[in-house]
Every structure is written in C-alpha cells, then in structure tokens.
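Novice: Please find one structure pasted underneath; my questions will follow.
The values are calculated or read from the model by the stated rules, or taken from the named source; none is laboratory data. Quick caveat, the model's predicted, so the values are computed rather than measured. No Cβ is skipped: glycine too gets one built from the backbone with ideal geometry, and neighbour counts run over all protein chains shown. Just the protein is used for accessible areas: all its heavy atoms, side chains included, with ligands, DNA and RNA removed. Shrake-Rupley method; radii C 1.70, N 1.55, O 1.52, S 1.80 Å.
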Amino acid sequence: MKKYKVCIYAICKNESKFIKRWYESIKGADYICVLDTGSEDDSLEILKKLNIKVKQKIIKPWRFDVARNESMKLIPKDADICICLDLDEIMLPGWKEELHKIWNDKITRINYKYNWSLDENNKPIISFYANKIHKNGYYKWTHPVHEILTQLKEEFSLTTDNIIINHYPDSTKSRSSYLPLLELSIKEDPTDDRNMHYLGREYMYYGKWNECIDTLIKHLSLPSATWKDERCASMRFIAASYIKLKRYDEARMWLDKAMAEAPYLRDAFTERMILEYNLKNYEESIKYGKKALKIKARVYSYINSEHSWNETIYDIMSINYYMIGNKKEGLKYLNKALKINPNNDRIKNNKKYFT
C-alpha cells in the first residue's frame, strides 16, 4: 500500500491561545506549514518552538484568497494530501488512519464532517460537510472572503463521516473586514451566487435592512442560484429584514415563499411561528409550530438554524397554549422543552403557571 504524505497548512494572525490545542490534534501529519500574516502576540515564537514550518508575510490589501494561496507555497512538493485547517479548528482522533484508508491516486478532494458550532458539552449544534482536504497542486483559492478552493484540473471527490473537524471560534475577533471584502467580491464577480447570498446576510448582520433585501432579491434572480436550502435562507433573511422594518405582511409573504422553496426545512416554519407569537397571534403561531414539528429529519447543512432544533419551538408553543387558555396542552410542550434543555431556568419557572 502506498504511503501518502499529509501536509496541514494554515494562515495565522494572533492565534497564540489556540496553537497548542490545534497542534496536538494534527501532530501526526508529515508536514505542518503556517503563514503568519502579521501576528503581534507570541504566535510566531510558539510555532517555531513546535518545529512548524512558518513564514511571515503581510498581505496588503488584505484578501483571504491571496493569504491562503501564499500559505500553499509552503507546502512541500512531495506532499500528496493537503488539509487547510484554521487555528481555531481541531481534527478529531483517527483522521490520519481514515485518510490513508480511503485515499487513492484518483481522488482530488475529500468531503468530511465539520462541526461549525458546539454547545458547552461539546455536542454539535450546526454541522455540515466541508471540503478543504485536497490533492496537492490541483486547486487554488479564489474570492477575497468566504474563499473557496477552485479546481485547476479534473476533480474526483469522496465523502466520509469518519473524518471530523470541530470549530471553536474566537468570539472576540472582529469580522469588520467581511463586509467590504464581500462587496469587493461581488464587484469582481456579480454573477457569483454564493457570495451574493453572503453579502445580503452580512448586510442583515449590520442592520442594513434595505440593502439586505435588495441584495438577496438579486441573489434569487441569478441563474446559478439553484440550491433550494440557500434560496430558502435568502427568503428568510429578507423576511427578517422586513420584520425589523415592521412591514409584517411582506415578511409573511417571504416566509411563505421560503416554506414553499424548501418544505423539508423547519426554519421558515419556525420563524413564522415566532413572528405570529411576537404579534400575539397565538392560534396562528400554534399552526406554524405544529408544521415545523412535523419535519423530523434535520438536513446536514450550514443553513440550519439552532432555534429550529433546540427547545425554542416547544417553549413558544407552551406559551401559545397558555395564552389561549389550554394549560394542559401547554404543559405537554413545556415538559418537552425542559427535556431538551433542563437547565433553562425561565422555562422551569414557567411551569408553576401550568399547575
């Protein structure tokens, strides 16, 4: 059996608190390479002490794709398999054994399980398949932000559930560069549906409601915007912006569109339930809560919203029933909410109103 060489590569800036944890998860790699883009903490010193191949280069103007392509230049020529692993990520044990088991000369990319967010007990909240494991020399990074690996040669991919990467983001880090970089990305390629969606979402994060609406309507009009999960998300974000503008009928219209676009996803139904609850339309809220709960299968996608799968639906349904005078039914939902999250003190306190 051929012994494939594996290289982990990354970009780094002020990541000293993550480096040792990151390194411990991948120290079995044949090569580890890091491009430092201007750390002002002791990241460089820590990396060097761990005998990691490290180079510092300042990227101006800043672009993620340029930085990652520069980091690729550190990868040794004889490395077969490359894994782009950020410093706030770790690989779970067994990754190298699985990689050697499934890799062959024909494969160019691996899709693996990526836990984007986890709760305090390390249980995944949002998970999806990511694809930053690739053959050396077959890809380049493109787009200033939300960068992706773009193939240079014919691609053959394989999916495994036995390679898992966990993400532990630094909540103190600013994402202020994202909006201008997304605007630049769309200026460079106005037909890119993926980053048009991300730009609209970013406007929503910034409270730029009208810009969000206009951008996401553009996203939905693009011929390449065919992924129903993402189209549904754009519709939901448009609705969320209309809610902030207190234009509730338009919000309902877009949530209806989102439900029709992806009826297998809970999120639009959940958000309609929440909207009607906030407007004190309790019977309507119950109707959409029930529809959401009929959807049992959770799609393995970054599009999932946590509030569709935690205690939120049951919590709101319990209050809805209380408000229409049906305490018995409300108590059933409250107990289901507590079963999911027994540590929610507010819901525990609510129980006294049902008995």
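Novice: Kindly indicate the residue of region 1-19 that is part of a loop (DSSP other than H, G, I, E, B) and charged (D, E, K, R) and also most open to solvent (accessible area, probe 1.4 Å) among those meeting that condition. Even if it seems obvious, please write down each step before you answer.
Specialist: Of the residues in region 1-19, the ones part of a loop (DSSP other than H, G, I, E, B) are 1-5, 13-15.
Now narrow it down to the ones that are charged (D, E, K, R): 2-3, 5, 13, 15.
Values: Lys2: 110, Lys3: 145, Lys5: 75, Lys13: 95, Glu15: 24 Å².
Selected residue: Lys3.
Novice: Okay, moving on. Could you please let me know if Leu275 is over 26 Å from Met253 (Cα atoms) and either among the hydroxyl-bearing types (Ser, Thr, Tyr) or open to solvent by less than 20 Å² (accessible area, probe 1.4 Å) (or both)? Explain how you work it out, then say what you get.
Specialist: Values: over 26 Å from Met253 (Cα atoms): no; either among the hydroxyl-bearing types (Ser, Thr, Tyr) or open to solvent by less than 20 Å² (accessible area, probe 1.4 Å) (or both): yes.
In short, no.
Novice: Then there is this: What number of residues in region 264-294 are farther than 15 Å from Asn320 by Cβ and over 21 Å from the mean Cα position of the chain (by Cα)?
Specialist: Qualifying residue count for the region: 1.
Novice: Right, another one. Quick check on region 279-325: of everything there that is in contact with a strand residue (DSSP E or B) (Cβ under 6 Å, 6 or more places away or on another chain) and not hydroxyl-bearing (Ser, Thr, Tyr), which residue is most open to solvent (accessible area, probe 1.4 Å)?
Specialist: Glu306
Novice: Out of region 50-69, which residues are at pLDDT 95 or above, of a type outside the set (Val, Ile, Thr) and closer than 15 Å to Trp22 by Cα?
Specialist: Leu50, Lys53
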